[in-house]
Amino acid sequence: MLTELKAGPRVVGAKQTRRALADGRAVRVFLAEDADPGVTDPVEVLCAEHGVPVERISATRELGQACGIAVGAAVAALVR
């Protein structure tokens, strides 16, 4: 699942992911389990509303690396 995130078009961060969900561009959303629930929970609710599958990643650092950034990421999404 993270290989898709590394290779495919993506957005990183809660704000960009919320925008992709609202625009109907998000295909799958990735949430880091060790991230602040205040950041990830609203995104998870939006995913349920839009019928977008959610994948849980154990650590923000792992998700950030998969996105090709030098810092951790709480939220990321594959987009069309």
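Structure remark: mean-square fluctuation, Gaussian network model of the chain, C-alpha springs under 10 Å; the largest value among 66, 35, 22 belongs to 22. The rule of thumb for compact globular proteins, 2.2 N^0.38 Å, goes into the C-alpha radius of gyration of the chain 0.94 times.
Note that segment 53-58 has calculated 3J(HN,Hα) couplings of x, 10, 10, 9, 10, 5 Hz, one per residue in order, obtained from phi through the Karplus relation 6.51 cos²θ - 1.76 cosθ + 1.60 (θ = phi - 60°); glycine and proline are x. Cα centroids of segment 15-36 and segment 46-80: 7 Å apart.
Scanning residues 5 or more positions from residue 79 or on other chains, those with amide H under 5 Å from its amide H are 10, 11, 27, with H placed 1.01 Å from N in the peptide plane. The apolar share of the surface of the chain, taken as the fraction of accessible area on carbon and sulfur atoms (1.4 Å probe, ligands and nucleic acids excluded), comes to 51 percent.
The values are calculated or read from the model by the stated rules, or taken from the named source; none is laboratory data. Fair warning: this is a prediction, and the values are worked out from it, not measured in the lab. Side chains included, ligands, DNA and RNA excluded: accessible areas come from the protein's heavy atoms. Shrake-Rupley method; radii C 1.70, N 1.55, O 1.52, S 1.80 Å.
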